Every structure is written in C-alpha cells, then in structure tokens.
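Working notes, structure below.
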Amino acid sequence: MIDEPLIVFKDIYKIYKMGDFEVRALDGVSFDIYKGEYVAIVGQSGSGKSTCMNIMGCLDSPTSGLYHLGGKDVSDMVDDRLAEIRNEMIGFIFQQYNLLSKLSVKENVEVPMQYAGIDKNTRNERINKVLERVGLSDKIKNRPTQLSGGQQQRVSIARALVGEPSVILADEPTGALDSKTGRNVMELLREIHEEGNTVVLITHDNETAGEANRIIRLEDGKIVYDGPPDHEHALFAGLKEEVYEVL
Amino acid sequence: MRFFETIELAIKNLLGSKVRSLLTMLGIIIGVGAVIIITSLGNGMENFMVDSFSSMGTNVLNVTVMGKGSTRTLDFDELYEHINENQDLYNHISPTVNVPGSVKVGTETLEQTSMTGVSEDYNELKSLVLSQGRYVQYVDVTNYSKVIVIGSYIADNFFDDDVIGQTMKINGQVFTIVGVLDEVADSEKGDSDDIIHLPYSSALKLAGSSVISSYAVEVRSEETVDASKEDLRYFLYDIFKDEDAYMIFSMSELLDTMTSMINIMVVILAAIAAISLVVGGIGIMNITLVSVTERTREIGIRKSLGAKRHNIMQQFVIEAATTSAIGGIIGIGFGYLMSSLGTLVISQMLDEDISLLPTLSSVMIAFGVSVTIGIVFGYLPARNAARLNPIDALRYD
C-alpha cells in the first residue's frame with residue numbers, strides 16, 4: 001500500500017464555543033501527507049496552524065472530520081489510546097524545547113522509550129545513536145540548563161527521533177533561537193528529512209518555511225495555498241481572492 | 001514505565017528538594033515514632049507486671065471459706081485428700097491462717113509484721129528459700145509446736161548473726177526461731193520480708209479459732225489454672241451447696257485484668273498518637289497538590305511523549321507513598337531511639353526494671369499504615385495530575 005497517505009485530513013473542523021460566540025479554529029481543512037514528505041504549515045497567529053498541529057500530534061481531537069494517521073482512524077480515540085499513538089508515531093520538537101530540567105540529557109531522551117516499555121539495552125543503544133546523530137555525545141550527562149539553546153533544541157530533536165516515529169512534528173523549532181543557530185537546526189531537520197523521515201514543520205516565518213518541499217498556508221482556519229514553495233503565492237499572505245484563483 | 005523505574009524517579013525527585021521532603025515527612029515521623037514509643041511503653045509495663053506477679057505466684061489459687069448460709073464446714077483433711085487425689089491438677093495445699101496480735105522481740109514491738117499459720121508445704125508452694133535453719137515441719141503441726149520461721153527483715157534488724165534458737169513473743173507466748181527466709185523484697189518494714197510463718201495448728205490456737213478459713217492451693221502449671229479452679233469450685237459446691245460460702249481467687253486472674261487495663265490504655269494513647277499520622281497524611285496531600293501544580297508542564301511534556309493517565313497517576317502516588325514510607329522508616333528509628341532512652345530514664349528515676357520494647361507487630365503496623373496514608377492522600381492530587389489536558393499543561397508556565 002505504497003500509495004496510501006501517512007496523514008489524511010478530511011474536512012477537519014475545530015470549533016471552540018465561547019458563550020454564544022463560536023470560533024472556528026479549523027474550518028474544513030483537508031490534505032494528505034505522504035511518507036517521506038517535508039511539509040511546512042504556515043500562517044499568522046490565529047490562522048489555526050497551532051490547532052492543526054495539536055490535532056495532527058494527537059494532543060487534541062477534531063470537532064468533526066476524519067483524521068487517519070498511518071492507516072488508523074484517530075479522530076475520536078480516547079485519551080490513553082492517543083497517548084499510545086503519540087508515543088509510537090509522533091516525535092515532537094517544541095519551540096521551548098520542553099526538556100525536563102531535573103533529568104540529564106540521556107534521561108530526557110530516554111523518557112519516550114520508558115513509556116514504550118523498551119528494554120534497557122535497546123534504549124542505551126538508541127540513545128547513543130541519536131545523540132551522536134545530533135552531535136551531543138559528549139553532553140550525555142549534562143542537565144539541559146547547562147546547554148545552550150541550540151544544544152537544547154538538538155536534545156529535543158534527539159528525543160523526537162529516538163522512538164523512531166512515523167512523523168516528526170516541529171512546532172516553531174527556531175522560534176527561540178538566534179538566526180545562526182536557527183539555521184543550524186533547520187539544516188539538521190533537512191538532513192533528518194533526507195534520511196527518509198517525514199517532517200511536518202509549523203511556523204509563521206516564511207524563510208523557515210522555505211526550507212520545506214511543500215507549503216500549506218492557513219488563514220482563518222482555511223487552507224489558502226497548498227503547493228511547492230517556489231510559487232509566487234506560497235510565501236506571502238496574499239489577498240484571499242487572488243490565492244483562490246491560483247487554487 | 002516499569003514500577004522500579006518509577007520508584008527511582010520518585011526518590012530522585014524527593015532528593016531534589018530535601019528540606020521540603022523532610023518537612024513533609026515530619027508529621028509521619030512524629031506519628032509513627034509516638035505510636036511505637038507508646039506501644040513499647042505498654043509492652044514494657046505488661047512485662048513488668050507479669051514478672052512481678054509471677055514472683056507472687058500466678059499458679060496459686062487462694063481459697064477463702066466463709067461458711068455463710070451453710071451448716072456444713074470444710075475439714076482440712078477432706079480438702080487435702082482431694083488435692084492429693086488429683087495430682088494432674090494440683091501440686092500442694094496449705095492453710096493460711098492469719099494471726100492477729102502483737103509481736104515482740106525482747107521489749108521491742110514489731111507493728112507491721114504479718115503472721116501466717118501454714119503447713120509444711122507452704123515454702124514449696126510459694127517457692128520460698130531458707131537462708132538459715134529449717135522450715136515448719138509436719139511434726140510441728142501435729143505437736144502444736146511453738147516454732148517460727150522469720151523473714152529476712154526481722155532477722156537483719158532485730159537479731160545478730162546467730163538467729164536460730166532465739167525467741168520472740170507472739171501475743172505473750174514465747175516462740176523459738178527455727179529458720180530464716182531468703183530476702184524476696186527489699187527487707188523493709190511491712191513488706192514480704194517482714195513476716196512470720198508458724199505451724200497452722202499453733203496459729204489457730206493463738207487466734208482462738210478452730211476453723212481454717214483460707215487456703216493456698218498450688219496448681220500443677222499455669223495452663224491448668226482454669227481447669228483446677230473449676231474442679232475446686234465443683235468440689236466446694238458439693239460440700240456447701242451454696243456458691244456464696246466460698247471464694248476462689250487467682251493471681252493470674254488479677255494479672256489478666258491488669259494486663260487488659262494496660263492494653264486499653266495503650267490503645268487509647270496510640271489512637272491519639274495516630275491522629276498525628278492523619279495530620280502527616282494531610283501534609284503529604286498538600287505537598288503533592290503543590291507539586292502537581294508546579295510540575296504541570298512536566299506532566300504535559302510527559303503526556304506528549306506518550307505517558308498514559310496511569311503512568312502519571314502512578315508517578316505521583318508512588319512519590320507520595322515513598323515520602324511517607326521513608327518518613328515511616330525514620331519514625332521507626334526515632335521510636336526505637338526514644339524507647340531505649342525511655343528505658344534508661346525510667347530505670348534511673350524509678351529504680352525499677354521496665355524496659356521499653358517495641359513489638360515487631362507495632363513496627364510493621366506503623367510502617368504499613370504510613371505507606372497506606374501516602375497512597376490514600378497522594379491519590380487525589382495524582383488523579384488531578386493524570387486528568388490534565390496535555391495542551392493546557394504544555395502551555396502552563
């Protein structure tokens with residue numbers, strides 16, 4: 001089944017009710033992502049990209065619509081099943097790194113495997129492998145607070161990779177970094193993609209998004225562009241009418 | 001996540017904030033310590049009572065015959081025969097005839113000396129040891145001999161070394177000392193060393209009475225006390241046909257009563273001490289609640305990495321249980337320390353040998369209770385943690 005997409009979003013709605021007021025964070029979003037793609041989901045704040053990432057990351061469920069991940073319908077799974085899916089299939093990279101400050105680098109990378117119930121030897125093997133991959137083998141015993149921002153982000157990339165997930169979800173991975181380290185991290189992400197991983201990048205930054213092979217631009221909960229990054233409308237929040245013409 | 005790993009993580013987190021952990025444990029430490037001290041004090045008191053009562057003879061029945069409401073009287077020979085016929089139940093019997101009156105050594109009067117008329121078996125029955133001379137003998141009884149055996153208090157305070165053959169005056173009659181008993185108490189006025197034993201025949205004559213009204217009966221062993229007592233009761237009822245005509249009283253009964261009184265006291269005191277365990281438990285609940293709030297972000301991260309509800313729940317419950325378990329262990333140590341300190345203080349102050357011994361069962365119960373408290377009081381905050389929504393938790397600062 002090579003042709004089956006890894007991620008299927010079909011008519012996904014996420015509606016928040018605030019009293020009588022209704023906020024449509026996602027307003028009928030549909031797209032497919034195949035294995036091995038490098039996709040950037042772009043949009044201004046409030047465009048719905050964070051909601052999109054939460055649902056894609058199985059942290060949240062859509063109000064309506066269909067979400068298939070790796071052939072499984074995860075649209076309305078219960079809390080604990082979603083935790084399992086997150087553990088098996090998704091590697092998160094957060095803007096704020098979200099490392100556990102009381103644990104060492106090694107222990108931080110180990111956490112997803114603890115919940116997966118992987119044995120100690122395999123864990124150590126994999127930890128060494130991914131830390132070497134991100135170039136932090138010498139920092140294995142350090143605490144996150146003893147590392148620079150770029151290094152911390154690389155630890156979180158290692159943590160995302162260690163469970164061998166189907167999708168790497170990177171939420172503004174360069175948002176807290178200066179431009180040089182940011183570029184290094186983006187380079188690392190590209191390499192990881194080139195090694196065969198599916199990477200989904202969520203960002204508001206056009207330059208960062210330009211790294212991806214495919215851009216999905218969201219505005220007010222709707223897709224306004226879905227295509228390669230070199231199109232004239234891909235990187236600009238153009239007038240909606242104009243963009244719709246393109247589509 | 002494996003159970004052992006969770007405990008490891010819990011210990012790591014506790015060590016991460018030592019002062020807080022210690023303060024949280026304090027309630028449990030004090031509670032467990034107090035329960036152990038109180039139960040060991042009760043245990044020590046009970047042992048002390050048992051010891052001092054068994055020196056008085058827990059296997060001796062005291063029979064008092066009032067003869068009230070009955071025309072029948074009890075003959076000593078009759079009773080003696082019954083005792084001898086039932087050697088599986090009884091060892092010895094002796095009349096105990098109280099002699100009222102004055103005792104004089106020369107012109108000096110002994111005011112608190114107790115005089116008892118006994119048979120030749122009484123020393124065996126009471127496990128008395130002679131330091132000099134001999135005890136009352138059968139011929140003394142049959143001959144109404146005017147001989148006496150005296151306690152160490154009298155021998156030490158009123159006579160020189162050469163006591164045997166000296167005389168004393170009881171109600172104006174001269175008695176010859178034939179034996180001296182070993183010290184059993186502290187050789188003070190009025191205690192069990194200030195005594196005179198004489199043949200019960202002579203005692204009856206002195207008291208101007210012809211009826212023996214009380215006996216001491218030694219049963220075969222402590223296990224047969226109840227059976228022996230029952231047998232004696234039937235025997236006496238057959239004679240008197242009236243339950244009010246006699247009374248059988250045993251030291252072991254008194255001991256049982258005292259022991260249960262001590263136990264009730266200990267249970268009440270331990271229950272009061274246990275209140276502090278509950279307070280300690282609330283302290284643990286409080287700190288777990290705080291720690292759940294503080295670590296909301298950690299919970300969010302862990303959930304995003306695949307932690308299920310029970311993983312989070314387990315982490316916090318085990319942390320609470322570990323806190324209280326460590327508190328319990330420290331409390332047990334504290335209890336032991338205070339118990340041995342108490343033993344020292346009591347033996348110094350009271351001149352009595354009461355040793356405070358923590359019982360294994362009280363230690364086990366204290367530990368079990370403290371772990372249970374941790375689990376119970378950790379449960380509610382842990383459940384709150386487990387139910388956190390990962391998105392909200394991740395956003396929490």
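Nothing in this text is a laboratory measurement; each read-out follows from the coordinates by a stated rule. Predicted model, so just to flag it, every value in this text is computed and none were measured. All Cβ positions, even for glycine, are placed from backbone atoms using ideal geometry, and neighbour counts span all protein chains on display.
For this structure, a couple of remarks:
- Per-pair calculated FRET efficiency, R0 = 56 Å: B:A271 and B:D242 via Cβ, rounded to 0.05: 0.80
- Cα gyration tensor, the stretch A:47-116 - rounded (a/c under 1.5), prolate or oblate: oblate
- Approximating the spin labels as points 7 Å out from Cα along Cα→Cβ, the A:Y13-to-B:L130 distance works out to 11.3 nm.
- Between helix A:105-116 and chain A: long-axis angle, C-alpha atoms, 0 to 90°, nearest 10: 70
- Ranked packing of B:261-270, A:216-225, B:277-286, most packed first, by mean Cβ within 10 Å: A:216-225, B:277-286, B:261-270
- Packing here is the average count of other Cβ atoms within 10 Å per residue, and on that basis the peptides B:87-99, B:163-175, B:42-54, highest first, run B:87-99, B:42-54, B:163-175.
- Net lengthening on full extension, B:D191/B:S361 (0.36 nm per residue, minus Cα-Cα): 57.4 nm
- Among B:144-153, B:109-118, B:185-194, the order from most to least packed when residues are scored by Cβ within 10 Å on average: B:144-153, B:109-118, B:185-194
- For the stretch B:14-127, the relative contact order comes to 18 percent (Cα pairs under 8 Å, sequence separation of at least 6).
- Site pair B:M66 and B:I11 shows an inter-label distance of 6.9 nm when each label is modelled 7 Å from Cα along Cα→Cβ.
- Amide H to amide H, with H built 1.01 Å from N, A:I215 comes under 5 Å of A:A40, A:G227, counting only residues 5 or more places away or on other chains.
- Kirkwood Rh in Å, taken over all unlike Cα pairs in the protein assembly as shown: 32.7
- Residues A:K141 and B:S52, FRET efficiency given R0 of 56 Å [Cβ-Cβ distance, rounded to 0.05]: 0.30
- Counting only DSSP beta bridges whose two residues both lie in chain A, roughly 55 percent are antiparallel.
- Against the compact-protein benchmark of 2.2 N^0.38 Å, the Cα-based radius of gyration of the stretch B:71-241 scales to 1.08.
- The stretch B:254-357: GluC sites (Glu not before Pro) in DSSP coil with no more than 13 other Cβ atoms inside 10 Å: B:E352
- CD proxy at 222 nm, helix term only [per DSSP H run n ≥ 4: -39500 (n - 2.57); per residue of the protein assembly as shown; nearest 500]: -16000 deg cm²/dmol
- The count of lysine pairs in the stretch B:71-241 that are at least 8 places apart or cross chains, and whose C-alpha atoms lie under 27 Å apart, stands at 17.
- Table column - 3J(HN,Hα) (Hz), the stretch A:60-71, Karplus curve with 6.51, -1.76, 1.60, x for Gly and Pro: 8, 10, x, 5, 8, x, 10, 10, 9, 10, x, x
- Cα-based Rg of chain B normalised by 2.2 N^0.38 Å, two decimals: 1.58
- Cross-linked pairs A:K139/B:K303; A:K49/B:K308; A:K141/A:K180; A:K49/A:K139; B:K12/B:K303: Cα-Cα separations exceed 31 Å for A:K49/A:K139.
- 5 angstrom amide H check on A:G91, placed H, neighbours 5+ away: A:V167, A:I168, A:L169
- Inter-label distance for B:E253 and A:E194, nm, one decimal - labels placed 7 Å from Cα along Cα-to-Cβ: 10.1
- Listed residues B:I38, B:I29, B:I195, most fluctuating in chain B (Gaussian network, C-alpha, under 10 Å): B:I195
- In this structure, B:S209 and B:L341 have a Cβ-Cβ separation that, at R0 = 41 Å, corresponds to a calculated FRET efficiency of about 0.15.
- Taken as entire DSSP H runs, the helices of chain B that both span 27 Å or more between Cα atoms along their own long axis and average 1.0 or more on the Kyte-Doolittle scale are B:18-56, B:251-294, B:360-386.
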